[in-house]
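Chemist: Here's a structure for you.
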Amino acid sequence: MCKNSTPYKVGDIVYYMYNFSGSFPVFYEVTGLTKCCIKVRPLKNKYINIGAGFGSFDAVPDTWSGMGKASKLLNVRPDGFAYALYYNHRFALRHWDGVPVSGFSA
């Protein structure tokens, strides 16, 4: 019996960082739960504290940007993490703690 989705709850903001020619956060909002999956919808980023030439920045999720967007289902693995795929790379979703996430662009 799968009960891996317990670390997540509806309304949580989760994210992962991808690193291709820079480091960029990708945010989601948890919109539903099953025993083995979470349902998430993508959120856009709001950029703050932008460095010269967009070299460095802090990002926070724009929670209004996900309104009306389709949700997708992500499996929660036995290690307790849900993983998002980006260009055939798997990234663990972390809970966002409300602090801006720092990134950079090459």
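Chemist: So is R41 open to solvent by 80 Å² or more (accessible area, probe 1.4 Å) and under 18 Å from I13 (Cα atoms) or not?
Modeler: no
Chemist: Which residues, taken from the stretch 55-94, are open to solvent by 100 Å² or more (accessible area, probe 1.4 Å) and among the hydrophobic types (A, V, I, L, M, F, W, C)?
Modeler: Within the stretch 55-94, W64, M67, L73, L85 qualify.
Chemist: Going through the stretch 1-47 one residue at a time, which ones are of a type in the set (K, R) and at pLDDT 90 or above? Break it down stepwise before answering.
Modeler: Pass one, the stretch 1-47, residues of a type in the set (K, R): 3, 9, 35, 39, 41, 44, 46.
Matches in the stretch 1-47: K9, K39, R41, K44, K46.
Chemist: Also: Go through the residues of the stretch 30-52 one by one and say whether even a single one is aromatic (F, W, Y) and in contact with a Pro (Cβ under 9 Å, 6 or more places away or on another chain). Even if it seems obvious, please write down each step before you answer.
Modeler: Within the stretch 30-52, the subset aromatic (F, W, Y) is 47.
Still in the list and also in contact with a Pro (Cβ under 9 Å, 6 or more places away or on another chain): none.
Among the residues of the stretch 30-52, not one is aromatic (F, W, Y) and in contact with a Pro (Cβ under 9 Å, 6 or more places away or on another chain), which makes the answer no.
Residues checked against (1) part of a loop (DSSP other than H, G, I, E, B); (2) farther than 13 Å from P100 by Cα:
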{"site": "P7", "(1), (2)": "yes, yes"}
{"site": "Y15", "(1), (2)": "no, no"}
{"site": "K35", "(1), (2)": "yes, yes"}
{"site": "I38", "(1), (2)": "no, yes"}
{"site": "K46", "(1), (2)": "no, no"}
{"site": "I50", "(1), (2)": "yes, no"}
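Chemist: Let me ask something else. Being at pLDDT 90 or above and either of a type in the set (S, T, Y) or surrounded by 14 or more Cβ atoms within 10 Å (Cβ to Cβ) (or both) is the filter here, so list the residues in the stretch 95-106 that pass it.
Modeler: Within the stretch 95-106, W96, P100, V101, S102 meet the criteria.
Chemist: Can you spot a residue in the stretch 23-30 that is without any contact (Cβ under 8 Å) to a residue 40 or more places away in the chain and open to solvent by 50 Å² or more (accessible area, probe 1.4 Å)?
Modeler: no
The values are calculated or read from the model by the stated rules, or taken from the named source; none is laboratory data. This one's a predicted model, so the numbers in the text were calculated from it and none came from an experiment. For neighbour counting, all protein chains shown are included, and Cβ atoms are generated from backbone atoms with ideal geometry for every residue, glycine included. Accessible surface is based on the protein model in full, side chains and every heavy atom, while ligands, DNA and RNA are left aside. Shrake-Rupley method; radii C 1.70, N 1.55, O 1.52, S 1.80 Å.
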